[in-house]
Amino acid sequence: MSWLDLFSAVCLIAGAMSCLFGAIGLLTFPDVAARLQAATKPQTLGLVLILLGSAVHLELRYASGLILVGLFQALTAPVLAQLVGRAAYRAGSVRHETLDTDHLARRIERERGGSL
Amino acid sequence: MGDSEPRHRLARSRRGGEHVVSRRHPFGRAVRRLPLLGWLLLVWLLLWGTYDAGTVFFGLLVGVLVIGFFPAPPIATDIRLRPFRAGQLLLFLAWDLVVSTVRVAWQAVVRGPRARASIVAVTLLTDSDHLMAMVANAVSLAPGNFVLQIDRANRICYVYALGAGEHATERVRREVLGWERRVVRAVGTAEQVRMVDRNHRSEVG
């Protein structure tokens, strides 16, 4: 077993673990916003690690496409999380009893009571 | 706050010197689109995985066609790329991704349904569409935090942070401002860099 194999194995296992913990978080967290953290983010790391683990075994011409996969995952996942999170907040799917502080609710209340 | 809120007032002139430019000299317009063409070419090359003259030629052709048929508004921006600082930013993003993933995984297993969170309003220092978008993306990339709502006119990010606790407000504010500092150092103007550095010194020292 070469060092490359070892590196690859570590990356693949770590990536798979990351996805696994994402799935566990998806099951155990209390509301949409918290589950979003588990649903969108650990997969980013998991995917990047798995791509990295595979890429070191490929020729450059096959590995170059994988760079794009990782890049677009890193660019789009936060946007997705923001859109779903915002929609969830507005639809009332964020459980307020899990929040210690909520500046957004205060502001919405203020605006409802005020000019709007 | 509803949709009455003016989030994208592009026509308004700003202190940051950012504005939409559309009817200028056609040559200047072509030059401003060169980075986009370069990016499209890079994606094309990465997709094909071959780097010979033919691929480059057709990549350029497709790029020109795409830009010609789907014109995006050329937006003038005062972003300056500092390669070393940008590299630092990327490394820090990767590091933060690992640390935060471990933290959220720990929370998922240990706290699970009893996980706490906060939504914290953070006012950014800089006033620029591009910087704000980059800061929001940097904050949202790692697990644990994400930007729930942006109030562009007042430069406020509403950040949802998992695993909050007592000092959450201050911690989240420091984290977001830290990202802003790193983003500004990587791509901001000299004036913006001075502004975030000054603020950083006054908070630390």
Completion exercise
Excluding ligands, DNA and RNA, the carbon-plus-sulfur percentage of the accessible area of chain A with a 1.4 Å probe reads 69 percent
Fill in the blank from the handout: Output ordering of A:44-56, A:78-90 (per-residue mean of other Cβ within 10 Å, highest first) is A:44-56, A:78-90
Handout entry: Net charge dipole size for the protein assembly as shown [Lys, Arg +1 and Asp, Glu -1 on Cβ; Debye, nearest 20]
Key = 880 debye
Problem - FRET efficiency for B:Val102 and A:Arg110, using Cβ-Cβ distance with R0 set to 45 Å, rounded to 0.05 - result: 0.75
Completion exercise
For peptide A:32-40, the mean count of other chain Cβ atoms within 10 Å per residue Cβ is 6
Problem - Residue-normalised accessible area of the protein assembly as shown, expressed per residue, 1.4 Å probe, Å² - result: 55 Å²
Fill in the blank from the handout: Counting other chain Cβ atoms within 10 Å of each Cβ in A:44-56 and taking the mean gives 2
Practice task
Keeping every protein chain in place, order B:His167, A:His103 by accessible area at 1.4 Å, biggest value first, i.e. largest first.
Solution key: B:His167, A:His103
Practice task
Select from chain A the helices, each a whole stretch of DSSP H, whose alpha-carbon atoms run 18 Å or more along the helix axis and whose Kyte-Doolittle mean is at least 1.6; answer none if there are none.
Solution key: A:3-28
Exercise for the section: First compute the accessible area of segment B:83-204 with a 1.4 Å probe, then give the percent of it belonging to carbon and sulfur atoms. Expected result: 60 percent
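Which order do the peptides B:81-92, B:132-143 come out in when sorted by mean C-beta neighbours inside 10 angstrom, highest first?
Going from most to least packed, we get B:132-143, B:81-92.
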Fill in the blank from the handout: Counting only backbone N atoms under 17 Å from a point 7 Å out along Cα-to-Cβ of A:Thr76, the residues of segment B:133-154 in range are B:141
Problem - Residue mean of other protein chain beta carbons inside 10 Å, B:134-145 - result: 5
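Given a 1.4 Å probe and no ligands, DNA or RNA in the count, how much accessible surface is buried by A and B, both sides, to the nearest 100 Å²?
Summing both sides, the interface buries roughly 3900 Å².
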Completion exercise
Note on segment B:43-57: residues buried by at least 50 Å² of accessible area once partner chains are added (vs chain on its own, 1.4 Å probe) come out as B:Leu46
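The values are calculated or read from the model by the stated rules, or taken from the named source; none is laboratory data. This is a predicted model, so every value here is computed, not measured. As a convention, Cβ positions derive from the backbone with ideal geometry for all residues, glycine included, and neighbour counts pool all protein chains shown. Only protein heavy atoms, including side chains, enter the accessible area calculation; ligands, DNA and RNA are left aside. Shrake-Rupley method; radii C 1.70, N 1.55, O 1.52, S 1.80 Å.
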